[in-house]
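Below is one structure, written out as structure tokens; comments come after it.
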Amino acid sequence: MRTYEVLFILSPQVPEEEAATLSTEFKAHRRRDRREAHAREAWGSRRLAYPIQKFNEGNYQLLVFETEPGSMSSTAG
């Protein structure tokens, strides 16, 4: 098993409760694909290096999980 990290950025307009819900749903999806989730970290709102869709900040979420090598390509798309 290998450990992977997924860092995703949500709009700063997404409330903290909804960000937690989205992270939980993503974590549940990983479990269905037989990927063992280890950690979820809410890094909170941080300044972006450059504006994305006119936003200067984003709500950062980090998920850490384990899976077998090669199983990541089966969920692409």
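The figures follow:
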item: Every pair of residues 6+ apart whose Cβ atoms lie under 7 Å, when the first sits in region 1-27 and is open to solvent by 60 Å² or more (accessible area, probe 1.4 Å) while the second is assigned to a strand (DSSP E or B) and among the small types (Gly, Ala, Ser); result: Ile9/Gly58
item: Of residues in region 30-45 being basic (Lys, Arg) and surrounded by 13 or more Cβ atoms within 10 Å (Cβ to Cβ), the one modelled with the highest pLDDT; result: Arg40
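The values are calculated or read from the model by the stated rules, or taken from the named source; none is laboratory data. Model, not experiment: these values are computed from the prediction. All Cβ positions, glycine included, derive from the backbone under ideal geometry; neighbour counts span all protein chains shown. Quick note on the areas: whole protein, heavy atoms, side chains included, nothing else; ligands and nucleic acids left out. Shrake-Rupley method; radii C 1.70, N 1.55, O 1.52, S 1.80 Å.
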